[in-house]
Structure formats: structure tokens, C-alpha cells
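The values are calculated or read from the model by the stated rules, or taken from the named source; none is laboratory data. Here the structure is a predicted model, which means the values were calculated and not measured. Here the Cβ is made from the backbone with ideal geometry for all residues, glycine too, and neighbour counts use every protein chain on show. Heads up: the accessible areas ignore ligands, DNA and RNA and are worked out on the full protein's heavy atoms, side chains in. Shrake-Rupley method; radii C 1.70, N 1.55, O 1.52, S 1.80 Å.
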Amino acid sequence: MTLYMKLGGRKMILQAMPHLLSRLEQDPCFNLGNFRQELERSDDLTEFLVFLSGGAPIYEGKPICDLLSPICTDREVYARFVDHLVAVLLGGSAATGDEADLRMLMDRLRPHVLAPRPVAPVKVFAVEPEMQGA
């Protein structure tokens, strides 16, 4: 049985998202900013979790690093995010093996969320010497 099935499927993952948002709002480590609107108007996090837990063969939503990087700024904050995610998805009722599986998946995802994103190249234009003092 996949972790997806143990979590209760897409419906249960979707139902957990408002609880996750509520927990994140109450935690002073998180500055939700645009994440709140992203979570409310998009199912990208839900669909990614469905994919990650084995419920879908592909994920075609927003890149997870773009979705989570704004709120998970370092290892400690990411760990707190995972704690909240585990709490809302498993609710203390799952076997410890299920929690370990979810934490392992999220741990493997961590470098992708926390990795610095490439910066777009900056165009440099030549400026006439007499214009440099202006």
C-alpha cells in the first residue's frame, strides 16, 4: 500500500491544506506573504503531495522550489514546515513507519527547496565617458 493510500488519497490531502495554512499562520517562524494566496487559489501543493506520496505518475504544477522557497528560508524553518505537514496529514493516528516515510520524502526534497536559484543575467551597456559623471 502506498503512502498516498495510507494518507487517505487526494481528498484527505486536499482537506488538510486549510489546517496546514492555519498552523503556518500561527507559527511566528513563517512569513506567509503570497504563499497564503498561492495555497488558496492553487492546488499545486496538494497535487505535488499526491505525486510525492505515490498517487500520481507525474506532477505538472509550479516547481516545488518556487512554491516553498519563499516561506522555507533555511533548514530549521523547513524542518518546522515538515513538522506541520506531518501533523496535518497524519494527525497522530498513523503508524510511525508512515511518518518516517513522509519525513524521508520531505528530507530528500529539502535540497531542491533550499538550493539557491540561478539569477538571470544582467545586461551591461557601454556608457560614454562624458555620461558617466551624470
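Shown here for region 30-60: GluC sites (Glu not before Pro) in loop regions (DSSP other than H, G, I, E, B) with at most 13 other Cβ atoms within 10 Å, namely Glu60.
Taking all protein chains together and a 1.4 Å probe, the residues Met1, Met17, Met12 rank Met1, Met12, Met17 from largest to smallest accessible area.
For Asp107, the solvent-accessible surface with a 1.4 Å probe is about 80 Å², rounded to the nearest 10. With each label modelled as a point 7 angstrom along the Cα→C-beta vector, the Asp107-Ala87 pair spans 2.1 nm. Here r is the Cβ-Cβ distance between Thr2 and Ala100 and R0 is 22 Å; the resulting FRET efficiency, rounded to 0.05, is 0.90.
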